[in-house]
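Asks: To start, I am sharing the structure in question, which I have written as structure tokens.
The values are calculated or read from the model by the stated rules, or taken from the named source; none is laboratory data. Given the structure is predicted, the values throughout are model-derived calculations rather than measurements. We place every Cβ from the backbone using ideal geometry, glycine too, and count neighbours over all the protein chains shown. Ligands, DNA and RNA are stripped out before the accessible areas are found, and what is left, the full protein with its side chains, is counted by its heavy atoms. Shrake-Rupley method; radii C 1.70, N 1.55, O 1.52, S 1.80 Å.
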Amino acid sequence: MSTPAVVLQQVSRVHGSGATRVQALTDVSLQVGAGELVAVMGPSGSGKSTLLNLAGGLDRPTGGTVLIGGVDTTSLSQGRLAQLRRRQVGFVFQDLNLIPSLTAAENVALPLELDGLGVRAAREQAVASLDDVGLADLADRFPEHMSGGQQQRVAIARALVGPRRVVLADEPTGALDSQTGEAVLQVLRARCDAGAAGLLVTHEARHAAWADRVVFLRDGVVVDTTGTPPTPESLLDPAQAG
Ligand code: ADP
Ligand code: MG
């Protein structure tokens, strides 16, 4: 079997030092293979975002090893790590940050063009990515002429454009109405079914139900993993999750 797309081996991350030292993760081991979507759950401050940032190469561990696409990120220069991230990893965050003076397709094509792809090829991949989120018809529309939900889907299309092997989403549905939220999860699921490895931070059971398995964090430690979607009773109180 080939190396899973994301591998965390005994990963620890300490933020700060001295009096402000925080051990955000301790000895976390996790593998996410191609085609797999893994949900990450746990209370606020349990290390979910830290885990996601490490898995995507936005941050480096203070202990242990992180492999992305089989590449050990610990030994990479900043520049190489940034390149790996741009080419292999799609991040879906809550904020939209669409550029108002660019059409939907231009917004989505932008990261590809910044990475050196030609305008035509970038446009083709951008329209394909917009098609994935059901917006191919609106490719030439400007953000101000789209609804909030449509803008969010353009942002998803931009985050996931091109042949990315790893897709990461940190509470992507937080600011969305439930219908748009479901659409986002559908796109994530489809990308994983198409061969990407996915990690989804969420505190909602019905969102985690889209995943193949769930990893529960508490105080920076994996306390449980389950191969089946969670039942409402097995979940933490959403009011204290974050
Ligand atoms: P979650 O996403 O589960 O809420 P985080 O990964 O954001 O948890 O944070 C885990 C712990 O690490 C928390 O105690 C948080 O305050 C701390 N932390 C996260 N990022 C930083 C940082 N850049 N500097 C200092 N402490 C941080
Ligand atoms: Mg977080």
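Asks: Which pairs do you get when a residue that is among the aromatic types (Phe, Trp, Tyr), found in the range 10-30, comes within reach of a residue that is more than 12 Å from ligand 1 (Cβ to nearest atom) and not in a strand (DSSP E or B), reach meaning Cβ atoms under 6 angstrom, with the pair 6+ apart or on two chains?
Replies: Listed pairs, sorted by first residue: none to list.
Asks: If you take the residues of the range 10-31 that are part of a loop (DSSP other than H, G, I, E, B) and of a type outside the set (Ser, Thr, Tyr), which of them is farthest from Gly90 (Cα to Cα)? If you could, list the steps in order and put the result at the bottom.
Replies: Kept after step one, since they are part of a loop (DSSP other than H, G, I, E, B), are these residues of the range 10-31: 16-17, 21.
Applying the additional criterion that residues be of a type outside the set (Ser, Thr, Tyr) yields 16, 21.
Values: Gly16: 27, Arg21: 30 Å.
Per the criteria, the residue is Arg21.
Asks: Restricting to the range 71-89, give me the number of residues that are surrounded by fewer than 12 Cβ atoms within 10 Å (Cβ to Cβ) and of a type outside the set (Ser, Thr, Tyr).
Replies: 2
Asks: Out of (1) of a type in the set (A, V, I, L, M); (2) in contact with a Gly (Cβ under 7 Å, 6 or more places away or on another chain); (3) open to solvent by 40 Å² or more (accessible area, probe 1.4 Å), what's the single condition that is false for Val119?
Replies: (2)
Asks: Go through Ala19, Ala24 for me and flag whichever is over 27 Å from Leu114 (Cβ atoms), at pLDDT 95 or above and within 13 Å of ligand 1 (Cβ to nearest atom). Before the answer, list the steps.
Replies: On the way: Ala19 fails: at pLDDT 95 or above.
One residue alone meets the criteria, Ala24.
Asks: Could you list all residues from the range 135-163 that are buried (at least 20 other Cβ atoms within 10 Å of the Cβ) and of a type in the set (D, E, K, R)?
Replies: Arg153, Arg158
Asks: Tally up the residues in the range 32-83 that are assigned to a loop (DSSP other than H, G, I, E, B) and among the basic types (Lys, Arg), please.
Replies: First, pick out the residues of the range 32-83 that are assigned to a loop (DSSP other than H, G, I, E, B): 33-36, 42, 44-47, 56-62, 69-70, 76-77.
When the remaining residues are screened for being among the basic types (Lys, Arg), the result is 60.
Count: 1.
Asks: Follow-up. Please go through the range 179-211 and pick out each residue that is part of a helix (DSSP H, G or I), crowded, with 22+ Cβ neighbours inside 10 Å and either aromatic (Phe, Trp, Tyr) or out of contact with any Gly (no Cβ under 9 Å at 6 or more places or on another chain) (or both).
Replies: Val184, Leu185, Ala208, listed by residue number.
Asks: Would you please name the residue that is farthest from the chain's Cα centre (by Cα), looking only at residues in the range 31-70 that are under 18 Å from Gln10 (Cβ atoms), within 9 Å of ligand 1 (Cβ to nearest atom) and open to solvent by 30 Å² or more (accessible area, probe 1.4 Å)?
Replies: Asp59
For every residue, the table says whether it meets (1) under 25 Å from Val214 (Cα atoms); (2) within 16 Å of ligand 2 (Cβ to nearest atom); (3) open to solvent by 40 Å² or more (accessible area, probe 1.4 Å).
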site: Leu8; (1), (2), (3): yes, no, no
site: Ser29; (1), (2), (3): yes, no, yes
site: Phe91; (1), (2), (3): yes, yes, no
site: Glu106; (1), (2), (3): no, no, yes
site: Asp115; (1), (2), (3): no, no, yes
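Asks: Another question, then. Consider Ser101 against the criteria (1) farther than 21 Å from Leu185 by Cβ; (2) in a helix (DSSP H, G or I): it satisfies all of them except one. Which criterion is unmet?
Replies: All conditions pass for Ser101, except number (2).
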